[in-house]
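First the structure, in the form of structure tokens, and then the observations on it.
Taken together, the values in this text are just the output of simple stated rules run on the coordinates, not laboratory data. Here the structure is a predicted model, which is why all the values come from computation and not from measurement. In this analysis, Cβ positions are derived from the backbone assuming ideal geometry, glycine residues included, and neighbour counts consider all displayed protein chains.
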Protein chains: 4
Amino acid sequence: MISKEENILFNAEKLFAEKGFEGTSIREISKEANVNVSMISYYFGSKEKLFEKIFEFRMNESLSFAKDVIADNKMNEWEKLIVVINRYTDRVKNLKTFYLIMQREQLTNKNEHIVKVLNESKMGFLEIYKQLIESGLKNKVFTKRPRLEFIHSTISGTIFSALNSLPIYKKFYKGDEKYENLYFEDLNNHIKNVLKYLLGYEENK
Amino acid sequence: MISKEENILFNAEKLFAEKGFEGTSIREISKEANVNVSMISYYFGSKEKLFEKIFEFRMNESLSFAKDVIADNKMNEWEKLIVVINRYTDRVKNLKTFYLIMQREQLTNKNEHIVKVLNESKMGFLEIYKQLIESGLKNKVFTKRPRLEFIHSTISGTIFSALNSLPIYKKFYKGDEKYENLYFEDLNNHIKNVLKYLLGYEENK
Amino acid sequence: MISKEENILFNAEKLFAEKGFEGTSIREISKEANVNVSMISYYFGSKEKLFEKIFEFRMNESLSFAKDVIADNKMNEWEKLIVVINRYTDRVKNLKTFYLIMQREQLTNKNEHIVKVLNESKMGFLEIYKQLIESGLKNKVFTKRPRLEFIHSTISGTIFSALNSLPIYKKFYKGDEKYENLYFEDLNNHIKNVLKYLLGYEENK
Amino acid sequence: MISKEENILFNAEKLFAEKGFEGTSIREISKEANVNVSMISYYFGSKEKLFEKIFEFRMNESLSFAKDVIADNKMNEWEKLIVVINRYTDRVKNLKTFYLIMQREQLTNKNEHIVKVLNESKMGFLEIYKQLIESGLKNKVFTKRPRLEFIHSTISGTIFSALNSLPIYKKFYKGDEKYENLYFEDLNNHIKNVLKYLLGYEENK
DNA sequence: TATGAATGAGACTTCATTCAT
DNA sequence: CATGAATGAAGTCTCATTCAT
């Protein structure tokens, strides 16, 4: 059973993804969520607060994410990196709407609260990459030390660029669900392949 | 000397980059451009048409871009690819405002005219990559055939992700103009490095 | 011990004095009084009824006021007048918030119930002045017969004008509690002085 | 010919007088002034700015007021005082609506801009009274030095109290235009009479 | 070609009150 | 007695566009 509050939240997320923050009116949201217009102010205070709540909600969901990875000691650095990327692509694939909003906000930098959340997330990823690479070099799992910023840009940029192009390719190649699944699988392998090269990782050592 | 029309256009571009399409009012644009409000409807028909005009203007600028590359016969495929990427990163670096708008529009897909322009651009790049790779393979310049979509996502995604993260890094590393120039240079080399690997290109053959 | 109803009443009085009727929301009142919002409708029926209740409450308090004065037979007319004025200034001084609301309502004439209460009060005072003056003239305590309306306007107008200006003077003369007490004492004497003249009352006859 | 802006201004003044600031909606104003709702924002910026404009407008009107009085050298201090009071009562009589609003604002102190204007006005009057009394004492026109604050409270308070009570008296005494004119004339004499006493002015000296 | 006054739609938000519990 | 979720009306303001000049 979904609460009235979450019902509004998810419908708003969908509309914000489609039309952007300014392009979505609370009237539309209320209609989509089948509630009275004033319910939005009632539950969230304002349209902007509702918007921020979406970020808080999704970011809370992904909190456990980073912790798990670093903590686990049964894997070597490469394997950990793979886990991070797998989860990342999975999450992006399953929460397309939210990540659409998120990308737009990254280009906007208008809402301070959200800017802070996004920067923390980015810095969090950089920190993970840093630790994994340093440790991997010490343990001779990796043999090259690439520039951190570009590692992140390559991973994250490739994933999002691929995500955003998917609808066109789907249309162009007349693809269906199967096409999409294969697409994400290939994307995942592509990124791993690039990383192997950039980090100087040799599989069968 | 800049025409009144271009004056409006450039000021609008700046404001759209800062605040998005819906977040920018024609009153702000008219104030920024020091013209009367009704001039915008007068010159461009409507706010939306003005927005589209920005895309047309910038895309016209980059039209010659692709043609040049393919036409030139004094370079091999790898060299051509390098030229494409150099120009691309240069352009992104120098037209940050426009590419901010463009990225946002790629996430939005609301204005059909713009969607068409953007898709054509994307398909244009895919076509260039396709021709270069096929030809390069035939001429034994390249030795691997990577999936086209991911080549594009990697190049374009990495560039934009790096562009968007630059302000944070600049702040974090207390960087200045010099930092920025070096950043773009390194980014360029990073992408070339990745492509070399993905295409199986060997420099000193 | 104060009842829940009175608790709401007094908090509402305070807020109405600060922000006016329309400027005060029942939500604010409920927060200030630490009760649930719906308690106001529950106890008083509506926001407007609550407002009227404040007037009824304060007017009930001052009901005995007039009666006492007329009834007492140990004083002559001048002494009775002095008692009336003393009580009036005291009351105004101690119930500043209510008299702020009252003055505003006297300027507004929107709520019929309140209009009636206020007019009765005004007419009550006029009646008292009339009786005291007539009787005083008959008994040769007073020697002049001033126009009744202006007697009331002068007394009441001076008191309220002085009350309302007090904050400014306090600020201007950097006054404290002592300043305020002296101010009201002087005000009282000032009014008596004026009345003596207007009524032709001679103290040491 | 009255401008559209003034048309709005005067209609707003009337409604604010009847129902107060919060009690008057811009929709009502626009209806009363026969203009579109958005005209109010268009001309004045906001409802509050419109409200302030009314004060500015009326205060500008009365600017010449004080200057004239002090400047003229053909009158002695008592005659000057009479002129001040005559003009004051005239003005109050003819601009009942505005002075209704003004009194309410004096009780409210919410809008800083208006508070400032009102305090300046009050201090201006105090200054005039001060100069006239000091000069009058020096020139032996007056023989008593009453407390300044109460002089002002008595004059201003009596006038406004009488103004506000007029409708009731008019109703009670079944008065018409003639009653009103006589009322203001008597009021004027009443105030002069009181002042004569308070200042120790002897007419036939 | 250029202006700026004027329009009407639609935006977000707050409010007093009701109703089911 | 008491709660607080829910409602719908009404409020102010901003906006893109039009029109007379």
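Rounded, prolate or oblate for region A:69-199? Axes are the square roots of the Cα gyration tensor eigenvalues, ordered a ≥ b ≥ c, and the cut-off for rounded is a/c under 1.5. Spell out each step's value before the answer.
On the way: a/c = 2.13, a/b = 1.27, b/c = 1.68.
Verdict is oblate for region A:69-199.
Where the centre of each part is set by its Cα atoms, how far does region D:15-84 sit from region B:33-56, in angstrom?
Between the Cα centre of region D:15-84 and that of region B:33-56, the gap is 41 Å.
Quickly estimate the mean residue ellipticity at 222 nm for chain C, helices only: each DSSP H run with n ≥ 4 gives -39500 (n - 2.57), and the total goes over all residues, rounded to 500. Present the calculation step by step, with values, prior to reporting the outcome.
Working: 10 runs with 158 residues, N = 205.
Only helices count here, giving -25500 deg cm²/dmol.
Restrict the search to region D:31-125; then list the trypsin sites (Lys or Arg not before Pro) that DSSP places in a loop and that have at most 12 other Cβ atoms within 10 Å of their Cβ. Before the final figure, lay out the partial values.
Values: sites: D:Lys31, D:Lys47, D:Lys49, D:Lys53, D:Arg58, D:Lys67, D:Lys74, D:Lys80, D:Arg87, D:Arg91, D:Lys93, D:Lys96, D:Arg104, D:Lys110, D:Lys116, D:Lys122; in loops: D:Lys74, D:Lys110.
Counting only loop positions with at most 12 other Cβ atoms within 10 Å, the trypsin sites (Lys or Arg not before Pro) in region D:31-125 are D:Lys74.
Okay, which of region C:108-149 sit inside 15 Å, backbone N to the point 7 Å along the Cα-Cβ direction of C:Glu202?
C:140-144
Between region A:103-133 and region B:137-197, what's the alpha-carbon centroid distance in Å?
Cα centroid of region A:103-133 versus Cα centroid of region B:137-197: 19 Å apart.
Given contacts defined as C-alpha pairs under 8 Å and at least six residues apart, what's the relative contact order of chain B, whole-number percent? Working shown, then result.
Values: 132 pairs, mean separation 40.8, N = 205.
So the answer I get is 20 percent.
Under 5 Å between amide H atoms, partner at least 5 residues away or on a different chain: which partners does B:Gly200 have, H built in plane at 1.01 Å?
Amide H neighbours of B:Gly200: B:Thr143, B:Lys144.
Students often get this wrong, so check it: of A:Lys47/A:Lys170; C:Lys74/C:Lys192; B:Lys138/B:Lys192, which have C-alpha atoms separated by over 23 Å?
Working: A:Lys47/A:Lys170 34 Å; C:Lys74/C:Lys192 20 Å; B:Lys138/B:Lys192 21 Å.
In this structure, A:Lys47/A:Lys170 lie more than 23 Å apart at Cα.
To one decimal in nm, how far is D:Glu48 from the same spot in the other copies, if labels go 7 Å from Cα toward Cβ? Please give the shortest first.
When each copy's label point is compared with this one, the spacings are 1.6, 2.8, 3.6 nm.
Measuring from the axis that superposes chain B on chain D, report the chain B residue with the minimal C-beta distance, rounded to whole Å.
B:Ser38, 4
Using the Cβ atoms and a cut-off under 11 Å, what net charge is assigned to the surroundings of C:Pro167, where Lys and Arg are +1 and Asp and Glu are -1?
Residues close to C:Pro167 contribute a combined charge of +2.
Would you mind checking which residues have amide H under 5 Å from B:Thr108's amide H? H placed 1.01 Å from N; only 5 or more apart, or other chain.
Those lying under 5 Å, H to H, from B:Thr108: there are none.
Which entries of A:Lys49/B:Lys31; C:Lys116/D:Lys178; B:Lys110/D:Lys49; A:Lys4/C:Lys31; A:Lys53/A:Lys171 show an alpha-carbon separation above 28 angstrom in the structure shown? Mind showing how you got there, number by number?
On the way: A:Lys49/B:Lys31 30 Å; C:Lys116/D:Lys178 26 Å; B:Lys110/D:Lys49 38 Å; A:Lys4/C:Lys31 25 Å; A:Lys53/A:Lys171 33 Å.
Exceeds cut-off: A:Lys49/B:Lys31; B:Lys110/D:Lys49; A:Lys53/A:Lys171.
Select from chain B the helices, each a whole stretch of DSSP H, whose alpha-carbon atoms run 20 Å or more along the helix axis and whose Kyte-Doolittle mean is at least 0.0; answer none if there are none. Let's see the in-between values first.
Numbers: long enough: B:4-19 (22 Å, -0.71); B:47-61 (22 Å, -1.01); B:77-94 (26 Å, -0.66); B:112-138 (38 Å, -0.06); B:148-172 (35 Å, 0.55); B:177-199 (33 Å, -0.71).
What comes out of the filter, once short or polar helices are dropped, is B:148-172.
For region A:20-32, in order, what is each residue's ³J(HN,Hα) by Karplus, 6.51 cos²θ - 1.76 cosθ + 1.60 with θ = phi - 60°, in whole Hz (x at glycine and Pro)?
x, 5, 6, x, 9, 9, 5, 5, 4, 4, 5, 5, 4
When each copy gets a label point 7 Å from Cα toward the beta-carbon at C:Asn76, what are the spacings between them in nm, shortest first?
The projected label point of C:Asn76 is separated from its counterparts by 3.5, 11.7, 12.9 nm.
What nm distances, shortest first, do you get from the label point of C:Asn139 to those in the other copies when the point sits 7 angstrom along Cα to Cβ?
Between copies, matching label points for C:Asn139 lie 4.5, 10.8, 12.6 nm apart.
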